[in-house]
Amino acid sequence: MMTAVLAITTGHVAIAVVIGLAAGVMAGLFGVGGGILFVPVLTLALGLEQHHAQATSLLAILPTVAVGAWRQQRYGNVRWKPSLVLGIAGIAGILAGGFLAESLPGSVLRRLFGALLLLTAAQLVWRARKRA
């Protein structure tokens, strides 16, 4: 198990807020998940290890999910039974993915994340060419 401690300063918090806002805007513009943008910046700007950056990115999704579900529920768009099934399956996937990620060295995890970035870039290019 990894035990790294990062001294968090006011500067780190300010950088994280700016990064979060920028990643959210860019994710919305490009139609990709914010983690695709957020994780690399966390590793480069804040010096987090790959494991911690990915976990932080996943944790950052929770407020978005909660607000989105609450707003959509107000519009009557949430189907609770399928949502519960997906939520439980998602928790199982998170646990399995967490165990898998912890079993991999950081260098392997970075390479896998890099491959995901390349696949995402290819998908964006494919979509752009298809629309044109």
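So the values come out like this:
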quantity	calculated
Qualifying trypsin sites (Lys or Arg not before Pro) for segment 67-132 [loop in DSSP, other Cβ within 10 Å: at most 12]	Arg79
Dmax and Rg, reported as Rg then Dmax, of segment 24-132 (C-alpha, Å)	16.1, 45
Segment 1-79: chymotrypsin sites (Phe, Trp or Tyr not before Pro) in DSSP coil with no more than 11 other Cβ atoms inside 10 Å	Tyr75
Selected from Val78, Val25, Val108 as most flexible by GNM, with the chain as the system and alpha-carbon contacts under 10 Å	Val78
Spacing of the two label points (7 Å from each Cα toward its C-beta) at Leu84 and Ala122, in nm	4.0
Selection from Thr56, Gln72, Gly87, by position along the positive dipole direction of the chain (Cβ)	Gln72
CD proxy at 222 nm, helix term only [per DSSP H run n ≥ 4: -39500 (n - 2.57); per residue of the chain; nearest 500]	-28500 deg cm²/dmol
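Readers should treat all values here as calculations from the given coordinates under stated rules, not as data from a laboratory. These numbers were taken from a predicted model, which means no experiment stands behind them. All Cβ positions, even for glycine, are placed from backbone atoms using ideal geometry, and neighbour counts span all protein chains on display.
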